[in-house]
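A short reminder: the numbers here are calculations on the coordinates, not readings from a lab. Remember, it's a predicted structure, so these values are computed and weren't measured experimentally. Glycine gets a Cβ as well: all are built from the backbone with ideal geometry, and neighbour counts include every protein chain shown.
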Amino acid sequence: MNPIEARMSTTHHEEIHHHVRIYIKVFVALAVGTIVTVLASNVHLGIVLGIIVALLIATVKGSLVAAFFMHLVAERKVIYWVLVLTASFVVAMMGLIMFAHDDQQGRPQGIFAVPQGHVPVHQAEGAPKE
Amino acid sequence: MSAAIEIPFNSTERPDTGLYNAKLGVWLFLASEVMLFGALFSSYVLLRTGAETWEHGAAFLNVPLATINTLVLIISSVTMVMSWASLKMNNFGRYKLYMGLTILCGVGFLVIKSFEYAHKFETGLWPSTSTFMALYFTMTGLHGLHVIGGMIVNSYLWGPGSKMWHTDPVRFTNRIEVAGLYWHFVDLVWIFLFPTLYLLPGK
């Protein structure tokens, strides 16, 4: 190994060591996040706040995994574009499903039918009365 | 004339994407996986909002076991990324150790999950019991299949597949990186599944 190669190799190893230190920190953050989300679920925050807090912690944990373990923090542009495209498809899918949800309210039959026991009391206009 | 056809850009970067091909390929695969699990999460949202009442998972699911399982998967993600870092530092022995630990964590996760499933069946909770249980078994079942799939690939890369390190170390290191991308994705899905099924309040 010539001196230049040796120096490059040392720099490379230092870089990887730096990555490893980050991985350990991310691991600690993920473990703490897991404990916090369980503890938070024991506090009576109500339905909406309970859901927001749980999903917020999950999003932070998920972002840490994606950013550092999956190396998204420094990745090529084409991968970001793949993810932007994927995210827009997911949003479209969720959106379409929520439209379908509006459709099903109080409708006792059809493809979006809700079992009778689950149909809310405030039935939509025009829906057959029991 | 050489009989072997060389697959291009499996260890060098392709000039237009700046990536070796397997990496882009795995990311595209993961994009399809996002849609698959996205569809299931969308179903959860639709079924939950459309239902008059909804169970609180913690009332009958084992939260302590699931918490341990979450930690097991997080540890496996760390050992997975450490196995890649070990190869980057030319330490094949360390790679074998960390990849072995990753596979063991996968086994641990499935064993704990099977205890949970067995307990559900013993207490008469089946997919047909309720909408909640149908979602629980579908989502955790599909996730479990992904863990098994990852373990098969990781076991190959730990065992016979690791011979490539001695003939083409760069390509082998890249293989570990993309196998890691998949494994971290499986961990990421669980990070969302855990609160969704076990912790979210009922109504």
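Annotations for the structure displayed:
- Peptide-level mean, for B:74-83, of C-beta atoms on other protein chains within 10 Å: 5
- Dividing the convex hull volume of the alpha-carbon atoms in chain B by its residue count gives 145 Å³ per residue.
- Working from label points 7 Å from Cα in the Cα-to-Cβ sense, the residue B:121 to residue A:25 distance is 4.6 nm.
- For A:14, B:55, order by how many other beta-carbon atoms lie within 10 Å, fewest first: A:14, B:55
- Cα-based shape type of the protein assembly as shown, given that a ≥ b ≥ c are square roots of the gyration tensor eigenvalues and the cut on a/c is 1.5: prolate
- Förster radius 25 Å - calculated FRET efficiency between residue B:114 and residue B:155 (Cβ-Cβ, nearest 0.05): 0.85
- Degrees separating the helix B:169-194 axis from the principal Cα axis of chain B, which is the longest one: 10 degrees
- Per-pair calculated FRET efficiency, R0 = 56 Å: residue A:60 and residue B:163 via Cβ, rounded to 0.05: 0.90
- For chain B, modelled as a GNM whose springs connect Cα atoms under 10 angstrom apart, the maximal fluctuation among B:19, B:135, B:110 occurs at B:19.
- Among B:91, B:69, B:154, the largest mean-square fluctuation in a Gaussian network model of chain B, built with springs joining Cα atoms closer than 10 Å, belongs to B:91.
- For region A:1-75, the percent of C-alpha pairs falling in each 10 Å distance bin, counted from 0 to the bin holding the largest distance, reads 17, 33, 23, 15, 8, 4, 1.
- Mean residue ellipticity at 222 nm, helices only, chain B: -25000 deg cm²/dmol; runs of at least 4 DSSP H residues each add -39,500 (n - 2.57), and the sum is divided by the number of residues.
- Most mobile of B:121, B:109, B:41 in a GNM of chain B (Cα contacts under 10 Å): B:121
- For chain B, the longest principal axis of the alpha carbon atoms and the long axis of helix B:131-158 meet at an angle near 20°.
- For region B:107-203, fraction of C-alpha pairs farther apart than 24 Å, in %: 37 percent
- If R0 is 22 Å, the Cβ-Cβ spacing of residue B:134 and residue A:42 corresponds to a FRET efficiency of close to 0.25.
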